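Here the structure is laid out as structure tokens; the discussion comes afterwards.
Where a number appears in this text, it was derived from the coordinates with a stated rule and is not lab data. The shown structure was predicted, so the numbers you read here are calculated from the model rather than taken from an experiment. For neighbour counting, all protein chains shown are included, and Cβ atoms are generated from backbone atoms with ideal geometry for every residue, glycine included.
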Amino acid sequence: MNPLLMSLLLIVGLGIFARTMYYKITLLTALEPADRFNHIIERLKSVLILAFGQKRLVGREKERASGIMHAFIFWGFCVLIIRSLNLYGEGFVKGFQLPFFGEEFILGYLYLAVKDIMEGIVLAMVIYAVYRRAIVQPERLHNTFEAYLVLCLIGILMVSDIMYDAARYNLIVLHGNPDHLHFFNNPQYGSEFLWTPVSVLAAKLIPLTEDALGYIMVAGFWTHITTQLIFLNLLPLGKHFHVITSLPNVFLKSLGYPHDKPKLLNLEDEAAWEDESLGLNHLRQLTWKQGLDLYTCTECGRCKEVCPAYMTDKPLSLYDFNENLKHELYANAANIIKRAKLSETLKQTGDSDAEQAEKIKAEMAELNSKKQLVGDVIAEDTLWACTTCRACEEVCPVTIEHVPRIIAMRQGQTTIAEAYPKELNKALKGLERNGNPWGIGYDKRADWAEGLNVKMMADDSDAEYLFWVGCAGSFDDRTKKVSASVVKILQKAGVSFAILGVEEKCTGDFARRVGNEMLFQMMAQENIETLNNYKVKKIITACPHCFNTLKHEYPQLGGNYEVIHHTDFIHRLVKHGKITLNRSLEGKLTYHDPCYLGRYNSIYEQPRTILKSISNDGLTELGRHGNESFCCGAGGGRMWMEELIGKRINVERAKEIANLKAANVAVACPFCLTMIEDGMKELGKEEEIRTRDIAELVTKNMK
């Protein structure tokens with residue numbers, strides 16, 4: 001071909017790309033550190049399943065067609081990598097082939113067959129994608145010029161390579177496989193059509209003259225190379241940056257617990273108070289992984305269509321949230337990079353030169369963005385609309401972690417700016433004064449247990465299990481019945497258990513979700529001291545929020561316990577014959593998955609197994625269930641805030657249940673119980689559709 005032209009294209013194309021990527025990577029390294037390089041094998045499995053397997057696209061029933069379309073385009077690009085390397089090589093050496101991919105190897109023929117068919121499929125998928133965007137126009141998609149441009153470039157890549165092979169094929173027909181063509185000249189592997197049906201069919205559409213074929217072949221070759229290099233340099237400039245960053249972003253995802261726990265702030269660090277680095281107050285405080293998340297957003301809109309806030313007309317669009325942060329990050333990139341360098345200089349200076357250190361600090365302060373992160377970049381109503389349900393993270397195909405970033409921003413607002421919604425004051429004062437958000441006297445915490453013969457830890461510290469009742473189970477009249485039901489089940493099964501009574505305080509989940517890290521840590525430390533004094537090892541709780549906090553977040557402060565949700569524990573009791581259930585519940589039964597039980601802790605099957613064993617009519621699933629369940633609206637501190645914007649989330653969920661024509665709806669969370677019952681009352685359906693906790697249903701159907 002033309003080594004000089006190929007060299008020029010590669011030097012210019014790859015040079016510009018390298019410069020762009022260097023700047024993007026430099027910006028990431030200027031952000032805060034994050035430890036994401038542990039458990040390599042598990043991370044590689046995630047890449048295989050989520051990235052290469054496209055599980056969240058192909059595996060999602062609701063949009064399987066578009067998922068398959070996207071997956072085939074991705075797989076097509078993966079297959080074409082080898083072809084691209086061969087073409088670059090052929091620009092320097094006529095007939096270049098990577099080792100084992102030449103015509104003398106069956107592997108070469110197998111690859112050509114796969115490559116040829118995949119190009120045809122990808123071209124068909126591009127046409128479908130254009131049709132879908134231009135004609136179908138799904139609401140969640142953002143119809144931008146960039147999207148059509150990229151689809152056009154992908155189409156050009158496929159067509160140019162197909163035409164290149166088609167011209168080569170016709171030259172073979174004219175000349176009978178001349179050696180300089182190096183194209184399927186081994187008859188033992190069968191006909192050309194067997195291996196390249198798409199190219200052979202395309203060959204029928206172009207003229208069979210040597211001059212025309214030569215022009216088409218050269219045009220196809222250089223068009224493919226040039227388009228590929230243009231495409232490569234466009235990727236980092238828009239949403240299609242995810243083509244480059246999605247694989248590393250999936251590799252670096254949080255493992256184990258669904259996402260990073262809220263950061264444990266060091267509230268005794270005076271420098272952190274001075275630097276306003278408690279929580280997320282400035283873009284420079286993003287971790288490099290959070291910056292990579294912003295790079296990787298595909299703008300697919302899947303997060304919006306499952307977000308309870310967005311779907312009820314709240315001012316929270318996670319697409320806009322990401323875009324606003326990303327644009328502001330880019331706008332301040334130079335200052336962030338410079339500030340990081342000054343920070344390193346300051347560390348090296350230390351106490352050796354106080355005057356120089358002060359100058360550096362002053363210069364660093366000048367480099368801060370003049371915009372307020374919350375207020376100017378992200379609106380206050382947007383930040384506080386989130387229920388922390390994690391539905392957005394469950395459907396994100398590139399594993400972006402939205403909730404930890406939102407919690408960190410709330411920490412900054414509450415801890416540094418003291419700018420949280422004032423309607424939270426009553427509940428927060430209740431926590432401070434009486435250890436519960438209702439503000440009811442702590443001495444009333446065990447009143448619900450009167451007459452139930454429940455032991456206190458103070459009287460029986462040798463009990464095998466602690467039943468952590470929680471604030472709702474202790475103070476809310478409706479949820480007290482759930483606590484009583486749990487007690488009856490444990491007593492029926494002969495379980496050795498006790499409660500803390502007046503010694504129990506709120507776990508602090510609510511305080512942490514609204515960013516009040518100081519109050520959370522104070523309450524958690526008090527509870528941990530109490531639990532450790534009694535040498536508690538095993539805890540049962542009927543509240544997913546208590547369960548999640550005790551299980552995953554107390555270890556941050558030294559509280560390590562085996563924590564079991566009551567649905568899981570009841571399931572174990574039934575499985576081991578400790579209790580026996582009657583299949584006597586009449587009427588259609590459905591189940592609402594609590595976010596903090598399902599998406600946060602992957603407990604889906606145990607509640608369903610219990611319900612199926614007590615219902616005569618089986619279990620009828622809601623349209624949105626399991627890992628795509630629709631939030632009741634109470635999480636993330638929203639239980640203690642009024643919904644003044646848009647529709648009520650709990651009413652939307654209640655409508656979905658009512659439309660199912662269920663007679664019974666089971667829940668496994670006190671917040672869900674309150675919200676669903678209130679939603680039914682709003683619809684006038686509270687008598688027609690009964691809302692009960694699984695523990696209540698088990699008690700009524702227990703032999």
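Observations on the structure shown:
- Rounded to 0.05, the FRET efficiency of the Asn616 and Thr580 pair, given R0 = 22 Å and the Cβ-Cβ distance, is 0.85.
- Checking every one of the trypsin sites (Lys or Arg not before Pro) in segment 319-416 against DSSP loop status and a limit of 15 other Cβ atoms within 10 Å picks out Lys370, Lys371.
- A straight Cα-to-Cα reach below 18 Å connects Lys263 with the lysines Lys253, Lys289, Lys551, residues fewer than 8 places away in its own chain not being considered.
- Helix runs (DSSP H) in the chain reaching 30 Å along axis by Cα, Kyte-Doolittle at least 1.6: 106-131
- Taking GluC sites (Glu not before Pro) across segment 660-693, the ones in a DSSP loop with at most 16 further Cβ atoms lying within 10 angstrom of their Cβ are Glu686, Glu687, Glu688.
- Value of relative contact order over segment 438-564, rounded to a whole percent, pairs C-alpha under 8 Å and six or more apart: 28 percent
- Bins of 5 Å, starting at 0 and running to the largest distance - Cα pair percent for segment 560-608: 5, 16, 22, 24, 19, 11, 2, 1, 0
- Contact order relative to length of the chain, as percent, for alpha carbon pairs under 8 angstrom and 6 or more apart: 12 percent
- Among Ala695, His625, Leu660 - extreme Cα towards positive end, dipole of segment 589-700, charges at beta-carbon: His625
- Prolate/oblate/rounded label for segment 89-133 (Cα gyration tensor, a/c 1.5): oblate
- Percent antiparallel among DSSP beta bridges (both partners in the chain, rounded to 5): 5 percent
- If you plug the beta carbon distance of Ser84 and Thr345 into 1/(1 + (r/R0)^6) with R0 = 51 Å, you get a FRET efficiency near 0.75.
- Diffusion of segment 589-700 by Stokes-Einstein, at 37 °C in a medium of 0.692 mPa s and with Rh set to the Kirkwood radius over alpha-carbon pairs, works out to 234 µm²/s.
- Packing, as the average of other Cβ atoms within 10 Å across residues, places the peptides 93-101, 472-480 in the order 472-480, 93-101, highest first.
- Local electrostatic count at Glu652 - Lys and Arg +1, Asp and Glu -1, tallied over other residues with Cβ under 12 Å: +2
- Relative contact order (percent, whole number), segment 358-477, Cα cutoff 8 Å, 6+ residue spacing: 13 percent
- Part-to-part distance (alpha-carbon centres) for segment 285-339 and segment 610-676, which is given in Å: 29 Å
- Residue separation of Lys426 and Leu232 scaled by 0.36 nm, minus their Cα-Cα distance, works out to 64.4 nm of gained length.
- Per-residue Cβ neighbour rank within 10 angstrom, fewest leading, Asp593, Asp447: Asp447, Asp593
- Net lengthening on full extension, Asn266/Gln556 (0.36 nm per residue, minus Cα-Cα): 103.2 nm
- Counting beta carbons within 10 Å around each of Ser7, Ser160 and listing the fewest first gives the order Ser7, Ser160.
- Point-to-point label distance, Ala134-Leu98, nm (Cα→Cβ direction, 7 Å offset): 3.4 nm
- Packing, taken as the mean count of other beta carbons within 10 Å per residue, orders the peptides 514-524, 424-434, 131-141 from highest to lowest as 514-524, 424-434, 131-141.
- Packing rank of 691-702, 30-41, 248-259, where each peptide gets the mean count of other beta carbons within 10 Å, highest leading: 691-702, 248-259, 30-41
- Residue-count net charge about Asp693 - beta-carbon cut-off 10 Å; Lys, Arg +1, Asp, Glu -1: +2
- Panel order for Val218, Val563, by other beta carbons found within 10 Å of each beta carbon, from fewest to most: Val218, Val563.
- The overall shape of segment 270-423 is prolate: from the C-alpha gyration tensor, with semi-axes ordered a ≥ b ≥ c, the ratio a/c is 1.5 or greater and a/b exceeds b/c.
- Helical contribution to [θ] at 222 nm, DSSP H n ≥ 4, -39,500 (n - 2.57), averaged over the chain, rounded to 500: -16000 deg cm²/dmol
- Cα gyration tensor shape of segment 1-83, rounded if a/c is under 1.5, else prolate or oblate by comparing a/b with b/c: oblate
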